[in-house]
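Undergrad: Let me begin by handing over the structure; questions about it come next.
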Amino acid sequence: MKHPLSTALRRWLEHTPPPAVLATLYMVLILLGGLALKLPFMTREAISLSDALFTSTSAVTVTGLAVIDTELTLTFWGQLLVALLIQLGGLGLMTFAVLVLSALGLPLGITHHTYLREDLNQTSYVRLMKLVKTIVRVVLMAEIAGAMLLCLAFMPRTGLGPGLWHAIFHSVSAFNNAGFSTFSSGLTEYATDPIINSVIPLLFITGGIGYLVISDVFRQRFWQGWSLHTRLMLVGTAALVVIGVGLTAFLEWNNPRTLGAYDSAASRLTLAWFQGVTTRTAGFNTTDIGGLHDSTSLLYMALMVIGGGPTSTAGGIKVTTVVVMLLATLAFFRRRTEIWAFGRSIGLDEVLKVMALIAIAAVLVFTAVFLMTVTHDGHFLDISFEVASAFGTTGLSRGYTSELNGFGRGIIMLVMFLGRVGPLTLGFFLATRITPRVRYPEGQVHLG
């Protein structure tokens, strides 16, 4: 005989729209994580419920903004819990949903299947499950390899046991683009370490580029066999890396608080490389973010909002969204009625999705900044940077996170949650197409 609670849960999962199911699961995970952090053995000193919930939200949404010191405040068990929350959040909403539904033995309904298939760009349930298995394998292989390599950097300085834990934690945090560190000063002490500056970026670029791209690169013939999505992601990512690293070096070269603190050109280029690529939702820092010039901070805000790739551990509006927007703009100025790239056309539906995503992101960020300035007047750049970091689930901060009051924390927590859940939730509504029964005569609207 089935338990009434189990039956009720089954009915709720089967009849509730996927966005509501996923959002609820993540809110429950955040709440449980926050309550767990309040346990005595999780922290070295008592923390408030607000601190616990903020930390849990930041971990589950793989953001990295922190109101407590991960190294000094959390015990090993507290850090382990944060790593677990990062891993669950970094798996992605779609993967997490498939794993949960499969574990419960629940079949995917037509609505759920449509949503998952649309978001993961798959045409069948079989291929969808294959992708989920691929994701799990990639995660395990990347994080294990990353931890082994990071041991070479951490063990000589911190010892065998602590070095192993630092390596595991940073590998999980890096691959999932979380930005959490078990060091109070972040990775500033390893600013010029060749292992840190190669392994950490490799992990978060791999995790942030998207599992579809990884699958294409390793399974299909070079370039010709790759899908349009993979080509756009790789070209767009390469362009953003060049822009981020190049402008960081140009703008910060003589800044004594950042790159200018180092004498050699090689050290300055190393810092520019790391900070230029970590801005795309990874959130680690090897220099003082609060010491950046205003121009560099504005550049980083744009990169954080753009984020990484779809079906990845990264946040933001996604690279492909920006690339399609630029292609549509270029087509408009060239008076073309079709949008294409690499010999493939891009449909009007995709352009409408891009418009919806960018419009919603702009409204959300603007509203959050406006509400924050109501109670935090006089810190516009710091507030805007904090909101952009929260929306892009990046975790970089100009040192203002600890200055937030209760209202400000609430806004940032909401933005982190929407930054992670929002774009994928929106995918459900964008994937549900309704053919109009009535067509109206075309009217003229004057624009520009």
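Undergrad: Using the Karplus equation 6.51 cos²θ - 1.76 cosθ + 1.60 (θ = phi - 60°), what ³J(HN,Hα) coupling, rounded to whole Hz, does each residue of the stretch 138-144 give in order, writing x for Gly and Pro?
TA: Computed from phi, the couplings for the stretch 138-144 are 4, 4, 5, 5, 5, 6, 5 Hz.
Undergrad: Going highest first, how would you order 377-385, 77-85 by mean Cβ packing within 10 Å?
TA: Numbers: 377-385: 16.6, 77-85: 20.1.
Top to bottom by mean Cβ count within 10 Å: 77-85, 377-385.
Undergrad: List the residues, sorted by chain then number, that are 5 or more residues from Thr43 or on another chain and whose placed amide H is less than 5 Å from its amide H.
TA: The list, which skips near neighbours in sequence, is Thr75.
Undergrad: Just to verify a number: what accessible area does Arg44 come out at with the full protein assembly present, 1.4 Å probe, Å² rounded to tens?
TA: Surface open to solvent at Arg44 totals about 150 Å².
Undergrad: Take each of the peptides 147-154, 30-37, 174-181, average the number of other beta-carbon atoms within 10 Å over its residues, and list them starting from the highest.
TA: Working: 147-154: 20.2, 30-37: 18.8, 174-181: 30.6.
Descending mean neighbour count gives 174-181, 147-154, 30-37.
Undergrad: I would also like to ask the following. Please list 3J(HN,Hα) in residue order for the stretch 387-402, calculated via the Karplus relation 6.51 cos²θ - 1.76 cosθ + 1.60 where θ = phi - 60°; whole Hz, with x for glycine and proline.
TA: 5, 4, 5, 5, 5, x, 6, 8, x, 6, 8, 8, x, 9, 4, 5
Undergrad: Turning to a different aspect of this structure: Determine how large the accessible area of Ser345 is when every protein chain is in place; take a 1.4 Å probe and give Å² rounded to the nearest 10.
TA: Only protein atoms counted, so the area is about 90 Å².
Undergrad: Let me ask another. Let me see the P(r) profile for the stretch 153-300: every Cα-Cα distance counted, bins of 5 Å, each bin given as a percent of all pairs.
TA: Distribution as computed: 2, 9, 17, 20, 17, 14, 10, 6, 3, 0 percent.
Undergrad: Please report the accessible area of Tyr300 (heavy atoms, 1.4 Å probe, ligands and nucleic acids excluded) in Å², nearest 10.
TA: That residue has around 0 Å² of solvent-accessible surface.
Undergrad: With θ taken as phi - 60° and the coefficients 6.51, -1.76 and 1.60, list the Karplus ³J(HN,Hα) couplings across the stretch 257-270 in order, rounded to whole Hz; mark glycine and proline as x.
TA: Couplings: 8, 10, 5, x, 6, 10, 7, 7, 5, 5, 5, 5, 5, 5 Hz.
Undergrad: Where Rh denotes the Kirkwood radius from the mean inverse Cα pair distance, what is Rg over Rh for the stretch 135-234?
TA: Rg/Rh: 1.06.
Undergrad: Let me ask you something else. What aspartates and glutamates does Lys38 reach when the alpha-carbon gap must be under 13 Å and sequence neighbours fewer than 8 apart in one chain are set aside?
TA: Hits, sequence-local ones excluded: Asp51.
Undergrad: Right, next: Tell me, what are the semi-axes, in whole angstrom and largest first, of the equivalent ellipsoid of the stretch 184-259 as set by the roots of 5 times the Cα gyration tensor eigenvalues?
TA: 31, 16, 9
Undergrad: Right, next: Within the stretch 290-343, what whole-number % of the accessible surface is contributed by carbon and sulfur, with the 1.4 Å probe and all protein chains included in the calculation?
TA: Here carbon and sulfur together make up 68 percent of the probe-accessible area.
Undergrad: Counting only heavy atoms of protein chains, what accessible area per residue, in Å², does the stretch 151-266 have with a probe of 1.4 Å?
TA: Using a 1.4 Å probe on heavy atoms only, each residue of the stretch 151-266 averages 43 Å².
Undergrad: Let me ask you something else. Taking the stretch 151-197, how much of its Cα-Cα pair set, in percent, is spaced more than 11 angstrom apart?
TA: 66 percent
Undergrad: Give me the number: length gained by fully extending Leu39 to Ser267, i.e. 0.36 nm times residue separation minus the C-alpha to C-alpha distance, one decimal in nm.
TA: 77.8 nm
Undergrad: Among 280-286, 189-195, 306-312, how do they line up from the highest to the lowest mean number of other beta-carbon atoms within 10 Å?
TA: 280-286, 306-312, 189-195
Undergrad: While we're looking at this one, here's another question. Just the projected area, averaged over all directions, of the convex hull on the alpha carbon atoms of the stretch 308-363: how many nm²? Intermediate values should be presented prior to the final figure.
TA: Details: hull surface 17.3 nm².
Approximately 4.3 nm², given one-decimal rounding.
Undergrad: Under the Kirkwood approximation applied to all pairs of distinct alpha-carbon atoms, what is the hydrodynamic radius of the stretch 301-428 in Å? Provide the component values of the computation, followed by the final result.
TA: Working: mean 1/r = 0.0640 Å⁻¹.
Taking every pair of different Cα atoms in the stretch 301-428, averaging 1/r and inverting gives 15.6 Å.
Undergrad: Taking just the alpha-carbon atoms of the stretch 350-397, what radius of gyration and Dmax come out, in angstrom?
TA: Taking only Cα atoms of the stretch 350-397, I get Rg and Dmax of 12.3, 40 Å.
Undergrad: Tell me, what % of the accessible area of the stretch 200-278 is carbon and sulfur with a 1.4 angstrom probe?
TA: 67 percent
Undergrad: What is the calculated FRET efficiency for Arg157 to Leu32, with r their C-beta to C-beta distance and R₀ = 45 Å, to the nearest 0.05?
TA: Values: r = 35 Å, r/R0 = 0.77.
According to the calculation, E is roughly 0.85.
The values are calculated or read from the model by the stated rules, or taken from the named source; none is laboratory data. Quantities reported herein were computed from a predicted structural model and do not represent experimental measurements. Using ideal geometry, Cβ is built from the backbone for each residue, glycine included, and neighbour counts are taken over all protein chains shown. Heads up: the accessible areas ignore ligands, DNA and RNA and are worked out on the full protein's heavy atoms, side chains in. Shrake-Rupley method; radii C 1.70, N 1.55, O 1.52, S 1.80 Å.
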